1. Hey, can you tell me all the residues within segment 58-110 that are part of a loop (DSSP other than H, G, I, E, B) and either in contact (Cβ under 8 Å) with a residue 60 or more places away in the chain or open to solvent by 100 Å² or more (accessible area, probe 1.4 Å) (or both)?
2. Which condition does Thr37 not pass, out of (1) open to solvent by less than 100 Å² (accessible area, probe 1.4 Å); (2) modelled with pLDDT under 80, if it passes all the others?
3. Quick check on my filter: what residues within segment 84-110 are of a type in the set (A, V, I, L, M) and modelled with pLDDT of 95 or more?
Amino acid sequence: MKNVIFATVISSLLSVACSQREPVVSNDQVLKIKYDTTAIDSFSPGATSVDIARQIRMSSQKYQDSLKEALKLQQEEKRITEALEKENKKKAETEKKLKASEKTTEPKQE
């Protein structure tokens, strides 16, 4: 009888010791994920309208610099085209004068 009690105690101790236990998680280890689920509509204090966002982008230094660069390029192109037009007009005038002088110097053959 002593052997049966001893064997039962030993087997119960071994079963408890060998059983898998779930790890104990403390409150410090639990990750708390915070989601901001509040809806923001166009009239709420945190919302920015499309116009305000556009004004912010337009006021940025990078945008202003790009506008200045584009303006310089337009002015340069305009100056070049005007110079080419003047040169073409001068060529056309000299050709007209040259043709007119050739017509006056040609003798008429009858």
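1. If we filter segment 58-110 for residues that are part of a loop (DSSP other than H, G, I, E, B), which is where we start, we get 59-60, 106-110.
Matches in segment 58-110: Glu106, Pro107, Lys108, Gln109, Glu110.
2. Result: Thr37 passes all but (1).
3. If we filter segment 84-110 for residues that are of a type in the set (A, V, I, L, M), which is where we start, we get 84, 92, 98, 100.
Of everything in segment 84-110, just one residue is of a type in the set (A, V, I, L, M) and modelled with pLDDT of 95 or more, namely Leu84.
The values are calculated or read from the model by the stated rules, or taken from the named source; none is laboratory data. Given the structure is predicted, the values throughout are model-derived calculations rather than measurements. Note: ideal-geometry Cβ built from the backbone for every residue, glycine included; neighbour counts use all protein chains shown. Just so you know, the surface numbers come from the protein's heavy atoms only, side chains and all, with ligands and any DNA or RNA stripped out. Shrake-Rupley method; radii C 1.70, N 1.55, O 1.52, S 1.80 Å.
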